[in-house]
Amino acid sequence: MAIKLRKSYKFALRSSFLITIILTGTLLMVLFFKEQLDFLFILVFSLFCLLISFAVIQIRVERFIYRRVKKIYDDVSLLESTTFSSKPITTDMKTLTQEIEKFAEDKKIEIDTLKIREEYRKDFLGNVSHELKTPLFTVQGYILTLLDGAMNDKKIREKYLTRANKGVERLIYIVRDLDLITKLEVGGLKLDRSNFDIIELVQNVFDLLEMKATENDITLTFDMEYPNPIYVNADREKIQQVISNLLVNSIKYGHPKGTTEVSVEDLIKNKVIVRVTDNGEGIPKQHISRLFERFYRVDQSGSRTQGGSGLGLSIVKHIIEAHDEKIYVESEEDVGSEFSFTLEKTANKLE
């Protein structure tokens, strides 16, 4: 490790002057009483004393400080991932203090980040446990009831097996979403890009969700008629999942006789923005910044009765970001919400 000594001579110089004055004064008193005053000798003695004192004090102080500062660097070098230990050793106190303060600040930020991650990990494990526990206990309850004798009744057997199957389907849905979001977060999911008509895709999702929307008395519609196709370049299957997730959320939390409207607008020359707007419950402002977190729910009790994996919006965000696009949300309580995302526009269907 390189050694860099940024010397300050003030301490050594002042100490040398003090020693020289004391020794010269003592010598003057001795020579005065002996009546042998020799001013040239006294001057030479003073200069010699000053130089020797300065050299001895400076060398000793430098070695004293260096040994202790080196111990600090050696102790810090035991810590991994630190740039502090790789720096040249300095005995300049101002520089050393700045380096240590910078090191301490970096470590504090690192510790705070680890604490945030630990809290996130605990929340995530708690949420996963809760999401899996509910359908597992439900399935277990139906199976135990059947084993206790209910299977002898054909009607009860069919009913309980059907309900148990729904519980298993929900488990599969949760595990599938967990697998998908894990791949999205680590960048392990490859996009199968192609050119397709976004209007046709939205209409297909409308058709798939028509029954669910009717059950909730929600109308799915475009903001206007789109006589001509609008082609975009993206992963068709993943974008269908994005639109489906946004529409399902809108249906879940919409008011009876409500409307969910989809619009596709030109944003810039090669971009379009897809908007999903509803007149449902809306989202309180304090929750908007956390909407895309895994398992985050605005209303715990309400969300549980609605089912789902709790990963829908998080998956939506990751899919859009995997396309290098942006997603936005605006909402007001009792007025409604609007989720919008951008896509790359293409001139025609040909790739």
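Some notes on this structure:
- Selection count, segment 158-213, where residues are of a type in the set (Asp, Glu) and not in a helix (DSSP H, G or I): 2
- Taking (1) closer than 30 Å to Tyr296 by Cβ; (2) exposed (fewer than 12 other Cβ atoms within 10 Å of the Cβ) in turn, Lys166 satisfies each apart from (2).
- Unmet criterion (only one of (1) surrounded by 11 or more Cβ atoms within 10 Å (Cβ to Cβ); (2) modelled with pLDDT under 65) for Ala2: (1)
- Within segment 322-351, tally of residues that are outside any loop (DSSP other than H, G, I, E, B) and either crowded, with 18+ Cβ neighbours inside 10 Å or in contact (Cβ under 8 Å) with a residue 24 or more places away in the chain (or both): 15
- Some residue of segment 120-129 being free of Cβ contacts under 8 Å to residues at least 24 places away in the same chain and of a type in the set (Val, Ile, Thr): no
- The criterion of at least 1 residues that are assigned by TED's automatic domain parsing to the domain that holds Leu209 and more than 32 Å from the chain's Cα centre (by Cα) is met, among strands (runs of 3 or more DSSP E) falling completely within segment 221-289, by 231-235, 258-268.
- Residues of segment 186-202 that turn out to be in contact (Cβ under 8 Å) with a residue 60 or more places away in the chain and either of a type in the set (Ser, Thr, Tyr) or in contact with a Lys or Arg (Cβ under 8 Å, 6 or more places away or on another chain) (or both), as a count: 6
- For segment 203-259, a residue qualifies if it is hydrophobic (A, V, I, L, M, F, W, C), in contact (Cβ under 8 Å) with a residue 40 or more places away in the chain and out of contact with any strand residue (DSSP E or B) (no Cβ under 9 Å at 6 or more places or on another chain), and exactly one does: Val248.
- Selection count where residues are under 11 Å from Val168 (Cβ atoms) and buried (at least 17 other Cβ atoms within 10 Å of the Cβ), scope segment 130-148: 4
- Being over 24 Å from Asn245 (Cβ atoms) and at pLDDT below 85 holds for only one residue in Lys166, Lys154, Lys159, and it is Lys154.
The values are calculated or read from the model by the stated rules, or taken from the named source; none is laboratory data. The structure displayed is predicted, hence computed values, not measured ones. Cβ atoms come from the backbone with ideal geometry, glycine included; neighbour counts cover every protein chain shown.
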